[in-house]
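Asks: Just dropping this structure here.
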Amino acid sequence: MRQFLSLRDHEQVTALAAQGLQLRQQPRAFAQLGAGLTMGLLFFNPSLRTRLSTQKAAQLLGMDCLPLDFGGQAWGIERAKGVVMDGDKAEHLIEAAGVLGRYCDVIGLRAFPSLSDREADYAESLLREFAAAAGVPVVNLESATRHPLQALADLMTIQQYRAPKPPKVVLTWAPHPKRLPQAVPNSFAEWMLAAGYELTIAQPPGYELAAERTAGARIEYDQDRALAGADFVYAKNWSAYGDYGHCPAVAEDWQLTATKMARTQGGKFMHCLPVRRNVVVSDAVLDGPQSLVLEQAENRVYAAQAVLKNIVEQLKSTSS
């Protein structure tokens with residue numbers, strides 16, 4: 001694996017998830033693999049699980065880590081090309097990425113979308129331009145339209161808890177007081193479909209995701225009907241893709257409750273966290289025995305470790 005920006009960088013998703021679960025059993029089995037290498041962790045936006053899990057994953061492989069928050073620990077970054085930099089931005093992305101590429105062997109980057117310009121967000125220009133300027137492998141720690149490390153941890157969790165038969169997986173829209181990006185549901189849909197799972201996406205009208213990210217999924221506008229017989233239920237809010245970044249009014253109650261989960265086939269509850277209690281999901285579900293949210297969070301470490309292990313092995317094979 002040369003980099004990890006999206007599903008396209010490792011299409012054998014079930015094999016990669018299996019590697020992550022193996023590392024969960026023996027997390028220190030490759031403790032010297034990354035010795036002498038440095039990973040930079042760069043954040044344009046807040047993070048808890050992504051920051052700590054990726055840092056721990058790198059350390060489990062023997063790598064050093066350099067975390068940096070662009071929101072308060074670095075010069076303001078200009079992203080536009082051909083701009084006259086006479087404003088409040090002191091450094092251009094091209095130089096910043098180039099310098100960090102000299103300091104680090106692998107870089108993880110997190111940057112959210114504008115939610116105002118769909119074409120620009122879905123072009124993933126920041127992520128791709130940074131990767132090109134850095135000249136070293138880049139790991140997507142959540143970009144404008146994808147969160148592949150989260151999706152890998154989600155797939156690992158389903159593999160960990162699924163019965164022998166192929167599971168029925170439901171991704172359901174949930175309410176939220178803020179407008180949120182489509183990165184997590186986009187990646188969850190892509191990875192579930194790539195794994196060959198039966199995926200139903202439940203959503204109110206107006207909240208359809210990008211068709212190329214959900215091709216092969218069953219789209220359902222009745223949440224109760226979608227939940228019937230489900231083995232895994234993933235609740236997540238997202239804003240509209242069509243009327244980009246907006247949140248059309250929803251009359252029905254889409255909060256996931258114990259009554260709704262009773263329609264499933266003993267279904268397990270999943271969420272990427274952080275989660276708004278009693279808005280997205282009720283306490284009874286979140287604190288109940290069907291909740292896998294902490295298992296998902298733990299698997300974030302081993303998902304990142306599996307990705308970094310593949311990248312470091314590639315680095316070593318090309319340098320030898």
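The values are calculated or read from the model by the stated rules, or taken from the named source; none is laboratory data. In this text the structure is predicted, and so the values were computed from the model without any measurement. Ideal geometry is used to build each Cβ from the backbone, glycine not excepted, and the neighbour counts take in all protein chains shown. Heads up: the accessible areas ignore ligands, DNA and RNA and are worked out on the full protein's heavy atoms, side chains in. Shrake-Rupley method; radii C 1.70, N 1.55, O 1.52, S 1.80 Å.
Asks: I want to check the label-to-label distance for Ala163 and Arg179. Put each point 7 Å from Cα in the C-beta direction and report it in nm to one decimal.
Replies: Each label point is offset 7 Å from its Cα along the Cβ direction, giving 4.2 nm.
Asks: Which entry is the computed semi-axes √(5λ) of the Cα gyration tensor in Å for this structure: [x] 40, 26, 20; [y] 33, 25, 16; [z] 62, 28, 16?
Replies: [y]
Asks: Spin-label point model (7 Å from Cα, Cβ direction): what's the Glu95 to Lys56 distance in nm?
Replies: The modelled label-to-label distance comes out at 3.8 nm.
Asks: With charges set only on the Cβ (+1 for Lys and Arg, -1 for Asp and Glu), what does the dipole of the stretch 198-320 come to about its Cα centre, in debye to the nearest 20?
Replies: With only Lys, Arg, Asp and Glu charged at Cβ, the dipole is about 360 debye.
Asks: Using a 1.4 angstrom probe and counting only protein chains, how large is the accessible area of Thr259 in Å², to 10?
Replies: Rounded to the nearest 10, that gives 110 Å².
Asks: Which pairs, out of Lys165/Lys236; Lys81/Lys309; Lys89/Lys309; Lys81/Lys316; Lys165/Lys316, put more than 30 Å between their alpha-carbon atoms?
Replies: Pairs exceeding 30 Å: Lys81/Lys309; Lys89/Lys309; Lys81/Lys316; Lys165/Lys316.
Asks: Further, regarding this structure: What's the carbon and sulfur percent of the chain's accessible surface, probe 1.4 angstrom, rounded to a whole number?
Replies: 50
Asks: Pull out the extension gain between Leu66 and Ala31, defined as 0.36 nm times the separation in residues minus the alpha carbon to alpha carbon distance; nm, one decimal.
Replies: Separation in residues times 0.36 nm, less the Cα-Cα distance, equals 10.8 nm.
Asks: Quick check: net charge around Thr14, other residues with Cβ under 13 Å of its Cβ, Lys/Arg +1 and Asp/Glu -1? Please list the in-between numbers first.
Replies: Values: positive: Arg162; negative: Glu11, Asp154.
Spelling it out: positives minus negatives among the neighbours equals -1.
Asks: So how long is each side of the stretch 1-106 along the principal axes, counting just the alpha-carbon atoms, biggest first, in Å?
Replies: Largest first, the stretch 1-106 extends 53, 27, 25 Å along its Cα principal axes.
Asks: Further question on the same structure: For the stretch 293-320 and the stretch 160-176, compute the distance between their C-alpha centroids and round to whole Å.
Replies: Cα centres, the stretch 293-320 to the stretch 160-176: 24 Å.
Asks: Could you state the number of Å between the C-alpha centres of the stretch 97-113 and the stretch 23-43?
Replies: Computed from Cα coordinates, the inter-centre distance equals 17 Å.
Asks: Could you order peptides 41-54, 271-284 by the average number of other Cβ atoms within 10 Å of their residues, highest first?
Replies: 41-54, 271-284
Asks: Cβ under 14 Å from Ala31's Cβ, Ala31 left aside: what net charge do those residues give with Lys, Arg +1 and Asp, Glu -1?
Replies: Net local charge, Ala31 excluded: +2.
Asks: Next up: Treating only the Cβ of Lys, Arg, Asp and Glu as charged (+1, +1, -1, -1), what charge dipole size does the stretch 53-137 show about its Cα centre? Round to the nearest 20 debye. Mind dumping the intermediate values first?
Replies: Numbers: 8 positive and 13 negative charges, 50 e Å.
Here the stretch 53-137 has a charge dipole of around 240 debye.
Asks: Which net charge results for the neighbourhood of Leu292, defined as the other residues with beta-carbon distances under 12 angstrom from its beta-carbon, given Lys and Arg at +1 and Asp and Glu at -1?
Replies: -2
Asks: Taking the simple approach of a point 7 Å from Cα along Cα-to-Cβ for both Thr259 and Phe112, what is their distance in nm?
Replies: For the pair Thr259/Phe112, the computed spacing is 3.2 nm.
Asks: Let me ask you something else. For the stretch 30-85, what are Rg and Dmax over the alpha carbons, in angstrom?
Replies: 14.6, 47
Asks: Next question. Once you treat every alpha carbon in the stretch 102-150 as an equal point and sum by Debye, what is log10 I(q)/I(0) at q = 0.27, 0.29 Å⁻¹?
Replies: For the stretch 102-150, the Cα-only Debye profile gives -1.01, -1.10.
Asks: If you don't mind, there's one more thing I want to ask. If each residue of separation counts as 0.36 nm, what is the full-extension length gain between Gln22 and Glu252 once their alpha-carbon separation is subtracted?
Replies: In short, 78.6 nm is gained.
Asks: Here is a follow-up. Whole number in Å², please: accessible area per residue of the chain, 1.4 Å probe, ligands, DNA and RNA not counted. Walk me through the numbers on the way to the answer.
Replies: Values: 13770 Å² over 320 residues.
So the chain comes to 43 Å² accessible per residue, rounded to a whole number.
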